[in-house]
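Any read-out appearing in this document is the output of simple, stated calculations on the displayed coordinates, not a laboratory observation. Just so it is clear, the structure is predicted and the values come from calculations on it, not from any experiment. Quick reminder, even Gly has a Cβ in these numbers, built from the backbone with ideal geometry, and neighbours come from all protein chains shown.
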Amino acid sequence: MFVFQVSAWGGYVFIINLIPLHVFVLLLMRRFSKRVYIAYSTFYVIGLILSMQIPFVGFQPIRTSEHMAAAGVFVLVQLYSFLQYLRERLTRQERQTLFSVAVCAAALLLFVCVVYLSCTGWIAPWSGRFYSLWDTGYAKVHIPIIASVSEHQPTTWVSFFFDLHILVCTFPAGLWFCIRNISDERVFVVLYAVSAVYFAGVMVRLMLTLTPVVCVLSAVAFSSVFERYLSDDPPAEDDRRNSGSLYEKAGKVRKQVLCEEGLGSNIKSLVSVLLLLLLLMFTVHCTWVTSNAYSSPSVVLASYNHDGSRNILDDFREAYYWLRLNTGQHTRIMSWWDYGYQIAGMANRTTLVDNNTWNNSHIALVGKAMASNESVAYDIMRLLDVDYVLIVFGGVIGYAGDDINKFLWMVRIAEGEHPRDVRESDFLSPQGEFRVDKAASPALLDCLMYKMSYYRFGEMQLDFRTPPGFDRTRNAEIGNKDVRLKHLEEAFSSEHWLVRIYRVKDPENRPRLERKPRVTSTANKHKHKRKATRRRRGFIKNKLVLKKGRRLNRKQRRTGLN
Amino acid sequence: MSNSVISVISRFLEEYASSTPNKLKVVDAYLLYIMMTGALQFLYCLLVGTFPFNSFLSGFISCVGSFILAVCLRIQINPQNKGEFLSISPERAFADFLFAHTVLHLVVINFIG
């Protein structure tokens, strides 16, 4: 079971740390028994070697700090059990002589080993994606690609309520019930609950780890309450007390008994009905949430018109199928990594980066291509041998998850690798805002992403009320409406311009020269020629033609006499 | 101090030889053998280097795993611990031991490269 978890999700690190923590706490609470020892040792050894079979995990379980807690507890448990065994065999005096020598030596040796291995780097320190759980500001500064994923942001109160509804309130009650009747297994539940609450608060994605324990503890709370309030038998002491005093004052006692039972059953039914109502509302809420938020495929978008009818936007699939049918089998598509899996799955084409790419530099290169001007981007695209570029543009329908909205993250990730070429401040207006209208920064108006998004958009008028080139997502009229592309040509835009595909043109056969053709001056040549002709025999330069009867004017008479 | 330590150890060995049943002594001999093998493997790794790292790891972990499983078996069949393991008979413990060993060795063979 543990190995299935390891092969499915990196969150197995939570389990591999929670279980040793549980064992350690049991040790501290003196609840450690042989069953726990057997269970944990077997689990650790077999789990360790099985988890190393998963290629992605590899040798991490013995090299990284995240797994060191499990190993440490394992060694500790061995030592402790061995000591227990000895304790059963030896008398007190003998134990004391051995104890101080052996235990101190062992603890010192272990400590020195771990410190030495950590210092020499054989055991790697906490890797970035787990370190950012403790130091939440770390990723934004050092690893922007982890900070850019929207699921890694801290959780809001709204999403807590959205996912858990009434269980947010009943979960602490269940926790208290668990602590009141403590046992070995309940210690685990308590630890799990506390740690899961912390992690779910740090990152939205880790709500996944919180929900099972919330459901369990709320169920405990509800069942405890129902058990108490639905049972019809009055408590035993009251019965005995009443029957004892029954003989003294018959009438009065009976009235007392009646009063108590009456109050009890009213309260009981009220509370039970109230809790049932809460549960009903919870069920309704959950069904609604699942159908609306967690069931819709994010590839097909649905919007609702004024009269409530549904309008389906199938642009993504349209574009991917266009790619599948109209491009060669070995064409390479450049896009942002969010669409990598979709392109590979639906269009069946090679992509440069997709959701599983862990090579930050490669993603940064794609980001740099999107953020540079067309010539620099063209060089990068020739280097990576790209045939088509795919972007998502939401300006026509007001789709908020398009590439221009993600653009700043692309810039930040590229800046991490190429800080001299790409700077985030270049793309912001002088006031520090990210704008696409006339006040946008010139670097933004010139970059490839801008040009590809707004190519021919300046001529498009969506509504008679708004000017042409009005971006519905950003609610602004775009700054540069006359977009010319030199190295790309538009291959496909889907029905609502949601997905736009451009083809990268081959370099020209004869590269156009930037210079003007050479102009030679002819002034010197004339002078040269004049000298030569004057000396030639048989030719008179500027020979005058004499017309009979016509008087020569002064100039011609002078030259004629000469 | 060292005198008393030696005397303690000798007394412990004496008591061990006399009071443990034969079944447990067999398991203890097996444990000792496994520990020697594991120590030898580790020594070899320190001397020669960790080139085929997965082979070293799989061999070492198979030693550690066998040791742990044998210890678990010993705990479960020890008649002194009967109170804690009411539902697990010695035959069941041995069957569990065999099953876990099968899984362990399958994985070790896969991992050894």
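Rounded to the nearest 0.05, what FRET efficiency is calculated for A:Phe111 and B:Ile9 with R0 set to 30 Å and r the Cβ-Cβ distance?
It comes to 0.75.
Using the count of nearby Cβ atoms within 10 Å as a rough guide to exposure, how do A:Leu270, A:Leu206, B:Leu57 rank from fewest to most? Could you put the intermediate results ahead of the total?
Working: A:Leu270 11, A:Leu206 19, B:Leu57 22.
With the fewest neighbours first, A:Leu270, A:Leu206, B:Leu57 line up as A:Leu270, A:Leu206, B:Leu57.
If amide H atoms are built 1.01 Å from N in the plane of the peptide, which residues on other chains or at least 5 residues away come under 5 Å of the amide H of A:Thr64?
Sorted by chain and number, the residues that satisfy this are A:Ala124.
Highest mean first, what order results for A:193-199, A:419-425 on Cβ atoms within 10 Å? Mind showing how you got there, number by number?
Values: A:193-199: 16.4, A:419-425: 13.4.
Final packing ranking: A:193-199, A:419-425.
For A:Asp482 and A:Ser118, calculate 0.36 nm times their separation in residues minus their Cα-Cα distance, and state this gained length in nm to one decimal.
Values: separation 364, 0.36 × 364 = 131.04 nm, distance 5.86 nm.
Length gained between A:Asp482 and A:Ser118: 125.2 nm.
What's the ranking of A:303-316, A:162-175 by average number of surrounding C-beta atoms within 10 Å, highest first? Please report the intermediate quantities before stating the final value.
Details: A:303-316: 11.2, A:162-175: 18.6.
Going from most to least packed, we get A:162-175, A:303-316.
Computed over the Cα atoms of segment B:27-99, what is the convex hull's projected area averaged over all directions, in nm²?
Values: hull surface 22.1 nm².
Approximately 5.5 nm², given one-decimal rounding.
In Å³ and rounded to a whole number, note down the convex hull volume per residue for the Cα atoms of segment A:268-310. Intermediate results must be reported in sequence, preceding the final value.
Values: hull volume 3.2 nm³, N = 43.
Enclosed volume per residue, from the Cα hull, is 73 Å³.
Using the per-residue mean of other Cβ atoms lying within 10 Å as a proxy for protection, in what order, highest first, do the peptides A:66-73, A:149-156 fall? Mind showing how you got there, number by number?
Details: A:66-73: 18.9, A:149-156: 13.5.
Taking the mean over residues of other Cβ atoms within 10 Å, the ranking is A:66-73, A:149-156.
Going by C-beta contacts inside 10 Å, put A:Val284, A:Val202, B:Val27, B:Val71 in order with the fewest on the left. If you can, show how the numbers build up before the last one.
Working: A:Val284 11, A:Val202 16, B:Val27 19, B:Val71 22.
The most exposed by this proxy come first: A:Val284, A:Val202, B:Val27, B:Val71.
Under the definition of partner shielding as Cβ atoms of other protein chains within 10 Å of a residue Cβ, what is the mean value for peptide A:190-203?
Working: counts 0, 0, 0, 0, 0, 0, 0, 0, 0, 0, 0, 0, 0, 0.
Going residue by residue through A:190-203 and averaging, the value is 0.
Using the structure shown, select from A:Lys406/A:Lys438; A:Lys140/A:Lys505; A:Lys368/A:Lys438; A:Lys406/A:Lys481; A:Lys368/A:Lys516; A:Lys368/A:Lys481 the pairs with a Cα to Cα distance greater than 25 angstrom.
Numbers: A:Lys406/A:Lys438 20 Å; A:Lys140/A:Lys505 37 Å; A:Lys368/A:Lys438 23 Å; A:Lys406/A:Lys481 21 Å; A:Lys368/A:Lys516 32 Å; A:Lys368/A:Lys481 23 Å.
Those over the limit are A:Lys140/A:Lys505; A:Lys368/A:Lys516.
Enumerate the calculated ³J(HN,Hα) couplings along segment A:490-502 in order (Karplus 6.51 cos²θ - 1.76 cosθ + 1.60, θ = phi - 60°), each rounded to whole Hz, writing x wherever the residue is Gly or Pro.
6, 9, 7, 10, 6, 4, 9, 6, 6, 10, 10, 10, 10
How much net charge surrounds A:Tyr341 when only other residues with a Cβ under 13 Å from its Cβ are counted (Lys, Arg +1; Asp, Glu -1)? Don't skip to the answer; put the middle values down first.
On the way: positive: A:Arg349; negative: A:Asp338, A:Asp354.
Around A:Tyr341, the charge tally is -1.
Using Cα centres only, tell me the gap between segment A:270-314 and segment A:319-355 in whole Å.
33 Å
By how many nm would the segment from A:Glu88 to A:Ala302 lengthen if fully extended, with 0.36 nm per residue of separation less the alpha-carbon distance? Kindly include the intermediate steps, with their values, before the conclusion.
Working: separation 214, 0.36 × 214 = 77.04 nm, distance 7.06 nm.
So the chain would gain 70.0 nm between A:Glu88 and A:Ala302.
Viscosity 1.306 mPa s, temperature 10 °C: what is the translational diffusion coefficient of segment A:309-414 from Stokes-Einstein with a Kirkwood Rh over Cα pairs, rounded to a whole number of µm²/s?
Values: Rh = 14.6 Å.
In µm²/s, the coefficient is 109.
So for A:Thr136, A:Thr283, fewest C-beta neighbours within 10 Å to most, what's the order?
Neighbour counts put them in this order, fewest first: A:Thr283, A:Thr136.
Using only the C-alpha atoms of segment A:352-392, find the volume of their convex hull and express it per residue in Å³. Walk me through the intermediate numbers first.
Details: hull volume 3.2 nm³, N = 41.
That works out to 78 Å³ per residue.
Among DSSP bridges having both ends in the protein assembly as shown, what percentage is antiparallel? Round to the nearest 5. Could the numbers behind the result be given before it?
Details: 16 of 21 bridges.
Expressed as a percentage, antiparallel bridges in the protein assembly as shown total about 75.
Which whole number gives the average, over all residues in A:41-50, of C-beta atoms from other chains lying within 10 Å of the residue C-beta?
Working: counts 8, 9, 0, 3, 10, 8, 0, 5, 13, 6.
Taking all residues of A:41-50 together, the mean is 6.
Show me, for segment A:62-76, the HN-Hα J-couplings you get by feeding each phi into the Karplus relation (A = 6.51, B = -1.76, C = 1.60, θ = phi - 60°), rounded to Hz, glycine and proline as x.
Using θ = phi - 60°, the values come out as 10, 10, 9, 5, 5, 9, 5, 4, 4, 5, x, 5, 4, 4, 4 Hz.
Please compute, for the alpha-carbon atoms of segment A:375-456, the extent along each of the three principal axes and give them in descending order in Å.
Here the spans come out as 34, 31, 20 Å, largest first.
Can you give the three extents of the C-alpha atoms in the protein assembly as shown along their principal axes, from longest to shortest, in whole Å?
169, 85, 46
Quick one, can you get me the convex hull of the C-alpha atoms of segment A:412-485 expressed as volume per residue in Å³?
So the per-residue hull volume is 96 Å³.
A:Lys268: which aspartates and glutamates have alpha carbons under 20 Å from its alpha carbon, excluding same-chain residues fewer than 8 sequence positions away?
By straight Cα distance, A:Lys268 reaches A:Glu227, A:Asp232, A:Asp233, A:Glu237, A:Asp238, A:Asp239, A:Glu260.
Each residue of segment A:315-324 in turn: what ³J(HN,Hα) in whole Hz from Karplus with 6.51, -1.76, 1.60 and θ = phi - 60°, glycine and Pro shown as x?
Result, ordered by residue: 4, 4, 5, 4, 5, 5, 6, 4, 4, 5 Hz.
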